[in-house]
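This report concerns only the one structure given below.
Computed from the coordinates by the stated procedures, all read-outs in this text should not be read as laboratory data. The shown structure was predicted, so the numbers you read here are calculated from the model rather than taken from an experiment. When we count neighbours, we look across all protein chains shown, and the Cβ atoms used for this are built from the backbone with ideal geometry, even at glycine.
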Amino acid sequence: MSPSRTLLPLALASLLLAACAGETPAPAAAPPVSFQTLEVEPRTSARERSWDGVVEAVNQATLSAQTAGRVLELPFDVNDYVEAGQVVVRFTDVEQVSAQRRASAALNAAQADYTEAESAFRRTEELVAKQLLAKAALDQARARRDAARASLEAARAGVSAAGEQVDYTVIRSPYSGILVERHVEVGESVQPGQPLISGLSLQNLRLAVEVPQSDIAAIREYAEATVILPGGGRIKAEEVIVFPYADPSTHSFKIRVELPEVETGLQPGMTVKVAFKTGEAENLWIPTSALVTRSEVTAVYVVGADNRVALRQVRLGHRREGEVEVLAGLAKGDRIAADPLAALAHLAGESNDG
């Protein structure tokens with residue numbers, strides 16, 4: 001009998017025995033996949049807790065009058081953008097200019113009086129040196145000269161003060177920003193200290209967050225925070241300032257989160273999520289481009305050890321730029337398709353071959 005005829009009955013007998021024993025032969029491994037795969041590996045990342053924060057402008061102020069006058073001009077209205085140094089309020093300056101002229105005249109008179117007193121002192125000094133006058137005359141001349149010098153300094157200060165009063169009739173913006181409120185109108189008379197306009201700058205922003213006292217120790221330890229923008233983007237805080245006292249009514253701590261000077265699209269008064277680092281943990285992260293969304297189900301294509309491709313549902317956590325945290329559905333060492341469309345095309349090709 002030939003060897004082939006002997007092997008065939010043996011193979012059939014083996015299959016029959018396996019069937020009787022309840023065993024099924026292991027399926028043959030599929031050929032290697034033709035698309036790129038990624039191996040899921042845990043990475044150490046920050047453990048975070050999030051609270052709502054209120055956006056505030058770092059530079060916001062109400063400009064007040066520093067001299068009396070009548071409002072002559074208000075070039076900007078509410079919601080107008082104002083550049084730093086632009087005139088926002090102008091007063092009438094008749095009284096201030098008149099005072100400045102009087103101060104200038106007083107300065108000229110004081111200057112002339114001092115010049116004459118200095119000359120008289122020099123002459124008296126020469127005569128006393130020649131013993132033509134008594135020493136008491138020199139003392140009188142010196143006293144008059146010193147008094148004239150003091151009057152001259154006072155007149156100079158008066159000119160400076162009068163000039164400041166004239167400058168106070170023109171109010172300029174201390175920084176670029178938005179005008180949010182006008183407290184006076186054209187034609188109104190104002191007094192020193194009276195509010196004129198309020199504005200704020202959109203360039204420097206920060207957030208105020210109320211945090212329970214149970215989490216404050218971890219936040220103080222790491223002092224790291226990330227602002228989650230409405231569109232899903234994340235911005236790392238420039239500084240985290242924890243106030244050293246709690247609100248006695250809510251037992252919560254106020255935290256100030258300083259933002260870098262970048263375009264965020266945030267406006268003062270908005271609320272956004274702020275994620276504070278409270279520890280570290282190992283998490284699985286995958287590219288968001290590997291996700292597949294079917295109705296309300298989010299999944300990835302997983303490549304098994306036998307190169308079989310299957311769609312597996314996953315539960316997701318935090319998102320950041322180009323990546324997402326996987327809370328359930330994947331384990332360390334799993335291989336997933338980097339491109340879901342390529343994996344779908346591969347499955348379609350297998351169906352056609354079958």
| remark: Matching residues in the stretch 83-113 (more than 24 Å from Ser189 (Cα to Cα) and under 27 Å from the mean Cα position of the chain (by Cα)) number 2
| field | Considering residues of the stretch 232-261 that are over 23 Å from Ser201 (Cβ atoms) and not in a strand (DSSP E or B) only, the residue nearest to the chain's Cα centre (by Cα) | value | Gly232
| said: Looking only at the stretch 229-254, filter to residues that are in contact with a helix residue (DSSP H, G or I) (Cβ under 8 Å, 6 or more places away or on another chain) and either surrounded by fewer than 13 Cβ atoms within 10 Å (Cβ to Cβ) or not hydrophobic (A, V, I, L, M, F, W, C) (or both); which one of those is nearest to Lys273 (Cα to Cα)? | reply: Ser252
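Looking at the stretch 168-231, what strands (runs of 3 or more DSSP E) fall wholly within it and have at least 1 residues that are within 26 Å of Gln66 (Cβ to Cβ)? Walk me through it before giving the result.
Details: elements: 170-172, 177-182, 195-200, 205-212, 225-228.
It comes to 170-172, 177-182, 195-200.
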